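First up is the structure itself, then whatever we jot down about it.
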Amino acid sequence: MSQLIVLGVQWGDEGKGKIIDFLTEFTNIVVRFQGGGNAGHTLIVDGKKTVLHLMPSGILHNKVVSLIANGVVTDLKLLSEEINNLSQNNIKVTKDNFQISYNTHLILPYHKLIDKYREERRNNKIGTTQKGIGPAYEDKVARRGIRFQDFLNKERFDKLLKRNIDYYNFQFEYYFGKDKINYNDIVAESDFLREFFAEYGKDTTLTLHNATLKGENILLEGAQGTLLDIDHGTYPYVTSSNTTSGGGIIGTGHATYSQTSVLGVFKAYTTRVGEGPFPTELHDEIGELIAKNGHEVGATTGRARRVGWLDLVALKYAIRINGLTSLAITKLDVLSGLDKIKVAVAYKYEGENLNSFTNNIEILNKVEPIYQSYDAWDNSLPLDSIRVYEDLPENAKKFIKALESMLEIPIEIVSVGPDRRETIVINNPFR
Ligand code: IMP
């Protein structure tokens, strides 16, 4: 096994950061391959909390090299703040443990502004994180984007920046009726950032290729989740990148198909931030209790997350679209003490049973989930104190076995608390 892609397989916030941080002990390289500062990966090690938005979760391990690969859209200002924060916590980021692909596209101040102005104007809001993600990917596809390699060449960057500022200022002034942005301000900030980041630039496809030749392990760290994928998610209520396993290959240029496994991370229930369909959403006191016990507040936006039951129709779709080889279930502890746990096994639509997921949002907004109920377990034994599968309460084991049998792939990891140690490994996907 040399490459493991770890993905969220719901609408993001599945607890990937924690699983990735745990698995990092068994790998040499951790790579972000899509998305940008819209992600929020919360890691808790020995009770100490770190929230990363752009920096790969591997950075907390000193033996690991962390990469930002070509598929990411990178906000260098945000990244410099993250690096300074880490350094204040004695985590040093140097060219020996961190590299940025020359081909990553940059998020510049005009991307964040237009993301905000558009969201303000939309009647049907998407609820974006306003981090400039969509506009930066648009520029990339329109061949107007500015890559990290362009940025490192001052003369080239200044020319491209001027062209793009003219383009955006026209829209700010005449379409949105907003203030224009100032070229000189962005140039001044960029000169500082160029010096800060110059040493990290690399052809990361070569780093990955050479690591594979040496027999090293690589972990590709997904951000957001399958149902937010630009092609396969609940469009248009999606993010602007491929959050699915194919995005891992495009977003790194490292196509070691025969040596790649794909681990899907899902919560024992479902959450969603932002707008869009959510068939199993709860609007009652059980939903409120799960949200409270699970601390369901966005790490990037601080917004309250919408909460609902686990949806196996959606999960089976994610297994198929990603070619998942195994699963990790997180936040099982949050369900402790409930009376019953429900799981959607099919949908009802216009009187008919619907067994497969659809990204037709008109249908998805109208489906009625068909639930199966499971007995929960009481609070007498805190799940977060358990380290081996056999010690889990009988009903928790029955629940996991029932999921495995319906989903037809193994659950290899069970997360029972936010700390790195609060993890039960049934089978290590790296072994
Ligand atoms: P954008 O990625 O900022 O363009 O936002 C598009 C949609 O994806 C919105 O519904 C966001 O709430 C959602 N989204 C983006 N990043 C994340 C994440 O890391 N977790 C959960 N939802 C996200």
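Applying both filters, DSSP loop and at most 14 other Cβ atoms within 10 Å, to the trypsin sites (Lys or Arg not before Pro) of the stretch 276-380 gives ARG303.
For the stretch 289-415, lysine pairs separated by 8 or more sequence positions, or belonging to different chains, with Cα-Cα distances below 18 Å total 18.
Quotient of the Cα radius of gyration of the stretch 289-415 and 2.2 N^0.38 Å, N being its number of residues: 1.14.
Computed from the mean reciprocal separation of all distinct C-alpha pairs, what Kirkwood hydrodynamic radius does the chain have, in Å?
Numbers: mean 1/r = 0.0448 Å⁻¹.
Evaluated on the chain, it is 22.3 Å.
Rounded to the nearest 500 deg cm²/dmol, what is the calculated helix-only ellipticity per residue at 222 nm for the chain, with -39500 (n - 2.57) per DSSP H run of length n ≥ 4?
Values: 13 runs with 136 residues, N = 431.
Dividing the helical sum by the residues of the chain leaves -9500 deg cm²/dmol.
Taking every pair of Cα atoms in the stretch 105-197, average 1/r, invert it to obtain the Kirkwood radius, and report Rg/Rh to two decimals. Walk me through the numbers on the way to the answer.
Working: Rg = 13.5 Å, Rh = 13.8 Å.
Computed over Cα atoms, the ratio is 0.97.
Output the antiparallel fraction of DSSP beta bridges having both residues in the stretch 266-425, as a percent to the nearest 5. Walk me through the intermediate numbers first.
Values: 19 of 26 bridges.
So the antiparallel bridges in the stretch 266-425 amount to around 75 percent.
Compared with the alpha-carbon gap, the fully stretched path from ALA255 to LYS180 is longer by 22.7 nm at 0.36 nm per residue.
The stretch 241-296 and the stretch 195-240 have Cα centres separated by 16 Å.
Extension gain, GLU120 to ARG163: 0.36 nm times the residue separation minus the Cα-Cα distance gives 12.9 nm.
Count neighbours as other Cβ atoms within 10 Å of each site's Cβ, and list the trypsin sites (Lys or Arg not before Pro) in the stretch 187-290 that are DSSP loop with at most 12 such neighbours. Don't skip to the end; give the middle numbers.
Details: sites: ARG194, LYS202, LYS214, LYS267, ARG272; in loops: LYS214.
Sparse-neighbourhood loop trypsin sites (Lys or Arg not before Pro): LYS214.
Beta-bridge orientation, the chain: approximately 40 percent antiparallel, per DSSP, counting only bridges with both partners inside.
Read-outs throughout are calculated quantities, based only on the coordinates presented, and are distinct from any laboratory measurement. Note that the structure is predicted; figures quoted are calculated from it, not measured. We place every Cβ from the backbone using ideal geometry, glycine too, and count neighbours over all the protein chains shown.
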